[in-house]
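What follows is calculated from the coordinates using simple rules that are stated; it is not laboratory data. A quick note: this is a predicted structure, and the numbers were derived from the prediction, not measured. Using ideal geometry, Cβ is built from the backbone for each residue, glycine included, and neighbour counts are taken over all protein chains shown.
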Amino acid sequence: MSPARWWVARGASAVLALAVVAAAPLSAQMPDLRQMNGMALPSQDLPDGSVSVRVLRQTMGNNVVGAQVTVTGDGVSDSAPTDESGRAIFAGLGPGKVAVATVTVDGEALRSQPFEVPRTGGLRVILVSGLSGAPAAASPDAAAAPATPAEPAKPGTVVLGTQWRTIVDFAEEKLEIFHIFEFVNATATPVSVEKPLEVALPADAEQATLLEGSSSSARIFERKLVVAGPFASGRTIAQVAYRLPISGGRREIAVPLPVASLSTNVILRRLGETRLVAPTLPQAREADAEGKAYWTGTGPGMKAGETLTLVVEGIPHHPAWPRYTALGLAGLVVVAGLWLIFRVPVDPTHRIKALEAQRTALLTRLQRLEQGGEPATEELREERDAVLRDLEGVYALLDAERVRAGQAPAVRQAS
């Protein structure tokens, strides 16, 4: 799967899973279900090829029970009633089939956007009745792409609204970052800005992608999000996703703001001791979404030109030093093998010093691990065992080199 297609699936799933967590309790605001109405988003938590259609009445949690949902199209025709959670589940529709889901609630006909039944994982569809205005499903890009201005734009400003946020998640031993930028023009007419708005992404960002649902005026260019004006009245959405490598238990993520923000919102996936240590967000809580634990926080806004710096600690990671130690030992074994084969004269003193330095480093590491007795966690115990194995190898090589140089074997230090 190409990076763009992977992010479409991964990003859509993350946005759906976090919709309730992200949008509400901290500021007593309800999520804008018009953005979700009619959308079909991938979910790896569902059986392969299945489709879950959830029917709501106006608000999240107000489930419609007993409504008859129909899925039709491309040789597909099936129907099922919604259960107590407002969901109707469809299986066996056939992978690759293109279909739509429909239901009638209180005389209002609801229709999803067309979707393709996936081969792996499933789809989650939300249909909402009683929303004011035209249903979002009738115009998939209505929530994200600003309408063509009916009159010339006037010079003005936009801000990041209260629904802009940063989501920090994990996958395949890397950090996944999602930025949902909500640029708001509070006037009744379109406005133009002096130059396109730019947000620089981290220098080591990987697979930076603009997610589906973003404004047509947004682009990713040379690790930058660029949003060109003019900005229509209301909201202009740009959703960005990228990955960051994990090299330790702490990571800083810098987000320079091209315009002022009305609030600061962060959502962090909780894995073990993972926590956000900066900035300090006064309103915080923990919540679950799709069976995963998240920490959410909100705080005051920032001025244009300031940089939001997120500091995350307790990131689960695997230390790199065992790999480098193993590579170093492998290199020494190769050199020793070549010497034995070709009898190339090599100064043994240099090799002995290198091995002694490696032995000292390993003993220092072992002493730290065993301070206070037995290591406290399974991960630390595994690391201790790896150090002991590496020490055995170093001592064996040292003995061989000392014998070859006419010296006494190395004396093993007690740990």
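A few notes on this one:
- Cβ crowding within 10 Å, taken as a proxy for footprinting-reagent exposure, orders Ile89, Ile126 from fewest neighbours to most as Ile89, Ile126.
- Amide H partners (placed H, <5 Å) of Leu175, local residues excluded: Leu244, Ile246
- Computed over neighbours whose Cβ is under 10 Å from that of Ala260, the net charge equals 0, Lys and Arg +1, Asp and Glu -1.
- Computed from label points 7 Å out along Cα-Cβ, the spacing between Thr280 and Ala260 is 2.4 nm.
- Ascending count of other beta-carbon atoms within 10 Å, so fewest first, for Tyr294, Tyr395: Tyr395, Tyr294
- Sorted by Cβ density within 10 Å, fewest first, the residues Arg285, Arg384, Arg119: Arg119, Arg285, Arg384
- Only Lys, Arg (+1) and Asp, Glu (-1) charged, at Cβ; the range 38-130 dipole about Cα centre in debye: 120 debye
- Unsatisfied cross-links (Cα-Cα over 25 Å) in the set Lys224/Lys292; Lys195/Lys224; Lys97/Lys174; Lys174/Lys292; Lys174/Lys224; Lys195/Lys303: Lys224/Lys292; Lys97/Lys174
- With the convex hull of its Cα atoms as the shape, the range 45-96 has an orientation-averaged projected area of 4.1 nm².
- At an R0 of 30 angstrom, the distance between the Cβ atoms of Asp106 and Glu172 translates into a FRET efficiency of 0.10.
- Stokes-Einstein D for the range 38-130, Kirkwood Rh over Cα pairs, 10 °C, 1.306 mPa s (µm²/s): 124 µm²/s
- Length released on extending from Glu198 to Arg250, taking residue separation times 0.36 nm less the Cα-Cα span: 16.1 nm
- Radius 10 Å from Cβ of Glu374, net charge of other residues (Lys, Arg +1; Asp, Glu -1): +1
- Gain upon complete extension [Ala357, Gln68; 0.36 nm per residue less C-alpha separation]: 96.7 nm
- Thr309 versus Ala396: modelled label distance in nm, points set 7 Å from Cα along the beta carbon direction: 4.7 nm
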